[in-house]
1. The stretch 17-92 to the stretch 117-140: how many Å between their Cα centroids?
2. Which percent of the accessible area of the stretch 1-111 is formed by carbon and sulfur heavy atoms (probe 1.4 angstrom)?
3. Provide the per-residue ³J(HN,Hα) series for the stretch 120-137, in order, calculated from phi with Karplus coefficients 6.51, -1.76, 1.60 and θ = phi - 60°, each as a whole number of Hz, with x at glycine and proline positions.
4. Can you list residues whose amide H is under 5 Å from F87's amide H, if they're 5+ apart or on another chain and H is modeled 1.01 Å from N?
5. Each residue of the stretch 48-58 in turn: what ³J(HN,Hα) in whole Hz from Karplus with 6.51, -1.76, 1.60 and θ = phi - 60°, glycine and Pro shown as x?
6. Amide H neighbours of L42 under 5 Å, at least 5 residues apart or on other chains, H built in the peptide plane: list them.
7. Check which residues have an amide H placed less than 5 Å from A65's amide H, if you skip close sequence neighbours.
8. With a probe of 1.4 Å, find how much accessible area the stretch 3-115 has per residue, and write the answer as a whole number in Å².
Amino acid sequence: VTNMDGASESPPNVTPGIGVALLNYDNVAHTMRIQASFNSLLGTTTMAHIHAPTTLPFTSTAGVATQLPSFSGFPLGVTAGAMDTTFDMTLASTWNSSYVTANGGTTAGAEAAFASHLAQGKAYFNIHSTFDGSGEIRGFFTLLPEPTSLGLAATSALALIAVGRRARKPFA
């Protein structure tokens, strides 16, 4: 997930624009679903995509990793909008060809590198507009555990607490 704003741009800019994007990566189906919404931009949208990898996590800039000039399904020419699109990561059309070349020359290499960049905090969603062609708002992705993992972690924690309490009871 990422929260986007002008202060997160490099260099930062002053805009009331904000946005949020949720990226659901499925490494079995090789898909990436992006749900994004934004509003209050000062300019109208000209493009949106994901950049990766930055040299350091959560800072700096990077080349575009995904579709150019913009994601299919992303609303252009507006100051507010939303998208909900699923991309097949095995298709060359999902990627910037330079990113594919830099990551082994195959979509499989691009996908593996992208998953790593996401996990390392080196990928960001950027919305470009007529207000600032280099990007009006952006935000770095941070990982959220999937619901199944959260449930498993909670169950494991409860089991450890129960075992710990049982271990402390004196034997009769």
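The values are calculated or read from the model by the stated rules, or taken from the named source; none is laboratory data. None of these values were measured; they are calculated from a predicted model. Accessible surface is based on the protein model in full, side chains and every heavy atom, while ligands, DNA and RNA are left aside. Shrake-Rupley method; radii C 1.70, N 1.55, O 1.52, S 1.80 Å.
1. Result: 8 Å between the Cα centres.
2. Carbon plus sulfur share of accessible area: 58 percent.
3. For the stretch 120-137, the Karplus-derived couplings read 8, x, 10, 10, 9, 8, 10, 10, 8, 8, 5, 5, 8, x, 7, x, 8, 9 Hz, x marking Gly and Pro.
4. So F87 has HN proximity to M32, R33, I34.
5. Going residue by residue, I get 8, 6, 10, 9, 5, x, 7, 5, 10, x, 6 Hz, with x marking Gly and Pro.
6. HN-HN under 5 Å from L42: G17.
7. So A65 has HN proximity to I50, H51, A52.
8. 47
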